[in-house]
Ligand SMILES: Nc1nc2c([nH]c(=O)n2[C@H]2C[C@H](O)[C@@H](COP(=O)(O)OP(=O)(O)OP(=O)(O)O)O2)c(=O)[nH]1
Ligand SMILES: [Mg+2]
């Protein structure tokens, strides 16, 4: 990056109506750089302010609302022709008052999918719109044995019925190996169930590369991500997730152009009894640097989604089912 450009720290609110999935965007006021371009409400962090203080102040100034529920989401840096902007995106889910235009800017509620119909969006705001399409729950398979396949498929169907929209197929210890034809059969059936329910499926990189495109993308193990020198599947059609255990793994996911990170394990978990957990503070400090949406993994269930979000998670990933 060019060090002579001004470096601006900005906080941005993803104001989310959790019932409809809509977000609030605004058009930049006349007379400002990028006038008339659409953006998330927000602005520059002032000297001595925390991100949260700046967020609350900006949304009061621009929209007249009093934010009471918000959590850090993704922070990343974007280089414009004349400036370098560090953008801290926060999810805003609770506020008093009705957003109204206080800077003569147009406002619009829209979905992440439809946002581009409003007009031109600030370039740095496009990745967040893509990330917002990632669901809060990421279910991970745990079939283990061919004889468990039927019961597991039934359990998968139950999770899909409960609204799970993202699934990872990961069977590193399949008896005939992770490339077995018997496993491919089960995966093909699982992919069929997921697609019928409008859910996307990623295949773990322990399985043959030829299988990844049967699904909607790949979940790279940390060690496989470090060996890749480019994103292994194109962005238009596929998702790429990266598993991370530390800051270096998470930063490398960003270098690869991955869509998201799965970071853990956060809490004690029977699947990793020997390694110490990151804990929520360890998770938060790595997630804050990842520059991508981060799923928390390790000891997660629906009951931990809120605490995960308070520590900067996009959502949670779990193999033991996400209910309860
Ligand atoms: N608010 C906001 N700013 C964004 C987004 N994407 C993006 O690149 N930016 C950049 C544009 C600007 O360079 C900077 C935010 O500056 P701003 O002009 O909104 O700052 P401000 O509200 O404090 O306004 P001002 O008092 O300085 O006029 O961040 C976004 O989605 N929302
Ligand atoms: Mg602003």
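A few notes on this one:
- If you go through segment 41-68 and pick out every residue that is near ligand 2 (Cβ under 9 Å from one of its atoms) and closer than 24 Å to residue 112 by Cβ, you end up with 5.
- Test result for residue 29, within 21 Å of residue 115 (Cβ to Cβ), over 25 Å from the mean Cα position of the chain (by Cα), in contact (Cβ under 8 Å) with a residue 60 or more places away in the chain and within 16 Å of ligand 2 (Cβ to nearest atom): yes
- Residue check for residue 227: within 19 Å of the chain's Cα centre (by Cα) and within 28 Å of residue 251 (Cβ to Cβ): no
- Residue satisfying condition, being in contact (Cβ under 8 Å) with a residue 24 or more places away in the chain and over 30 Å from residue 157 (Cα atoms), within set 248, 230, 215: 230
- Flag for residue 91 being away from ligand 2 (no atom under 14 Å from the Cβ), assigned to a helix (DSSP H, G or I), under 23 Å from the mean Cα position of the chain (by Cα) and touching a residue at least 12 places away in the same chain (Cβ under 8 Å): no
- Of all residues in segment 8-26 being touching a residue at least 40 places away in the same chain (Cβ under 8 Å) and over 21 Å from residue 293 (Cβ atoms), the one that is nearest to ligand 2 (Cβ to nearest atom): 26
- None of 67, 56 is more than 10 Å from ligand 1 (Cβ to nearest atom) and either in a strand (DSSP E or B) or out of contact with any strand residue (DSSP E or B) (no Cβ under 7 Å at 6 or more places or on another chain) (or both) except 67.
- In segment 22-47, the residues that are more than 11 Å from ligand 1 (Cβ to nearest atom), over 12 Å from residue 9 (Cβ atoms) and not in a strand (DSSP E or B): 30, 36
Coordinate-derived values only; no laboratory data. Everything quoted here is computed from the prediction, not taken from an experiment. So basically every Cβ, Gly included, is an ideal-geometry build from the backbone, and we count neighbours across all protein chains shown.
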